[in-house]
1. Among (1) closer than 27 Å to A:His99 by Cβ; (2) modelled with pLDDT under 95; (3) surrounded by 15 or more Cβ atoms within 10 Å (Cβ to Cβ); (4) among the hydrophobic types (A, V, I, L, M, F, W, C), which single condition is A:Val202 missing?
2. Which residue, of A:Leu215, A:Leu251, is over 16 Å from A:Ala157 (Cβ atoms) and either modelled with pLDDT of 95 or more or within 10 Å of chain B (Cβ to nearest Cβ) (or both)?
3. Just to be sure I understand the filter: pairs with C-beta atoms under 6 Å, separated by 6 or more residues or on different chains, first member in region A:39-66 and free of Cβ contacts under 8 Å to residues at least 12 places away in the same chain and surrounded by 10 or more Cβ atoms within 10 Å (Cβ to Cβ), second member among the basic types (Lys, Arg) and part of a loop (DSSP other than H, G, I, E, B). Which pairs pass?
4. Do any residues in region A:137-163 that are assigned by the TED database to the domain that holds A:Ser212 and within 24 Å of A:Thr180 (Cβ to Cβ) have Cβ atoms under 8 Å from those of residues that are loosely packed, with under 14 Cβ neighbours inside 10 Å and polar (S, T, N, Q), where the two are at least six apart or on different chains, and which pairs are they?
5. Kindly provide the set of residues from region A:90-103 that are in contact with a Phe, Trp or Tyr (Cβ under 9 Å, 6 or more places away or on another chain), facing another protein chain (nearest Cβ under 10 Å) and either in a helix (DSSP H, G or I) or open to solvent by 10 Å² or more (accessible area, probe 1.4 Å) (or both), ordered by number.
6. Of (1) outside any helix (DSSP H, G or I); (2) open to solvent by 30 Å² or more (accessible area, probe 1.4 Å); (3) facing chain B (nearest Cβ under 9 Å), A:Asn242 satisfies all except one. Which?
7. Taking region A:175-209 as the region of interest, how many residues are assigned to a helix (DSSP H, G or I) and within 17 Å of the chain's Cα centre (by Cα)?
8. Give the residue that is nearest to A:Ala31 (Cα to Cα), with candidates limited to residues of region B:89-107 that are open to solvent by less than 60 Å² (accessible area, probe 1.4 Å) and not in a loop (DSSP other than H, G, I, E, B).
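The values are calculated or read from the model by the stated rules, or taken from the named source; none is laboratory data. What you see is a predicted model; the values in this text were computed from it and never measured. Positions of Cβ are generated from backbone atoms using ideal geometry, with glycine treated the same way; all protein chains shown enter the neighbour counts. Surface areas here come from the heavy atoms of the whole protein model, side chains and all, with no ligands, DNA or RNA. Shrake-Rupley method; radii C 1.70, N 1.55, O 1.52, S 1.80 Å.
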Amino acid sequence: LWWAHSPPGRRPRPPLAAAASGPVGPCGRRAYAPPAERKRFYQNVSISQGEGGFEINLDHRKLKTPQAKLFTVPSEALAIAVATEWDSQKDTIKFYTMHLTTLCNTALDNPTQRNKTQLIRAAVKFLETDTVCYRVEEPPALAELQKNEWDPVVAWAEKRYNVTIGSSTSILGPNIPASTKETFISHLASYNMWALQGIEFVITQLKSLILSMSLIDRHITVEKAVLLSRLEEEYQIRRWGNVEWAHDYDLCELRARTAAGTLFVHLCSESSTVKHKLLQD
Amino acid sequence: MAALGAPLRTLRALLRELRHAAGRSYRDSPAYRHVVAAFRAHRVTSEKLCRAQQELHFQAATYLCLLRSVREHEALHREYHGRGERSPQEVAGLVGFRLPQQPGGKG
């Protein structure tokens, strides 16, 4: 056996990683190697109801958040959707496709440690740099497209919330009156903490408060909201051509994230009751 | 209200996506049962514009968009995303070498 023949007093060698060439990260791993993927370690995914809400079970183990808290969600439909996400992982677990799980983890852990007021303030702050309020002057085709597509949404928001928003072609953006901000702040305050995390997420993805509110109020679909958010990109794609590995990749990812955020908000803020009407004879 | 089309079309597409996601036993999955039960419960209504029905339809369309775009995103990722660097073993294998297996480590 080889170790019986090794001379005494020989130091044990460090593992192979130390012999790696090229840039090496802090844990001795090569810097550009893809991270080791987690294999799917469970067979069945099921849901159970606990004290705080609904929990997810991977085989017999209970799912936990990254900060090791127990994963509980208030809504059964949301738990089912999260369980479906875990169940649809094939050989390896791809966390970047599990948007609802990520949103639930964010809501449970609150890693940025923001309270409700700070979340609302961050959301309303986006109004000053809202995408649909920033217009170009040229090329005229794009300016026309922005007018035709974005003006109806702005008009809807102004009518629905009884505020003044307007649009602007200057670099400073539109001048949003304080009363408008107050209206949105008090409207967003009516959502609970979980729904607010979702709303702030959707606003960050779409880069627009107005588009997010029209999506959450069910005025437009997710596909339409994403299209309006990427209006200039779509214009350039139609002009210069589509690059699948960049444009379609970004489009699918944005759609997935926006859809997940919207669904999350709706499932966290609904209270469904079934009223059976009496049949009239 | 958003332009959603017929609820039946959304339901069929959603069930198809669930089938792609789940595999063989998709009919037993909790998601399938929940979706079918929810659609059945909201089907019978005497009102022309039932708000709960529209809410459910919007949620179903959103979930359909989520499943579809996750599937397409994963396909694009598999096709186009880089695989990272090769390991030293693979690099040696490119030219037909093997890394030495020295029992005591490199001298």
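1. Just one mismatch for A:Val202, condition (2).
2. Numbers: A:Leu215 fails: over 16 Å from A:Ala157 (Cβ atoms).
Of A:Leu215, A:Leu251, the one residue that is over 16 Å from A:Ala157 (Cβ atoms) and either modelled with pLDDT of 95 or more or within 10 Å of chain B (Cβ to nearest Cβ) (or both) is A:Leu251.
3. Partner pairs satisfying both residue conditions: none exist.
4. Close Cβ pairs (under 8 Å, with a partner that is loosely packed, with under 14 Cβ neighbours inside 10 Å and polar (S, T, N, Q)) amount to A:Glu158/A:Thr164; A:Val163/A:Ser179.
5. Pass one, region A:90-103, residues in contact with a Phe, Trp or Tyr (Cβ under 9 Å, 6 or more places away or on another chain): A:93, A:98-103.
Now restrict to residues that are facing another protein chain (nearest Cβ under 10 Å): A:98-100.
Listed by number, the residues that qualify are A:His99, A:Leu100.
6. Every condition holds for A:Asn242 apart from (3).
7. Here is the first cut: in region A:175-209, the ones assigned to a helix (DSSP H, G or I) are A:178-188, A:193-206, A:209.
So of that shortlist, the ones also within 17 Å of the chain's Cα centre (by Cα) come out as A:193-206, A:209.
Selection size over region A:175-209: 15.
8. Step one: filter region B:89-107 for residues open to solvent by less than 60 Å² (accessible area, probe 1.4 Å), giving B:92-93, B:104-105.
Then keep just the ones that are not in a loop (DSSP other than H, G, I, E, B); that gives B:92-93.
Numbers: B:Ala92: 19, B:Gly93: 21 Å.
Taking the candidates together, the pick is B:Ala92.
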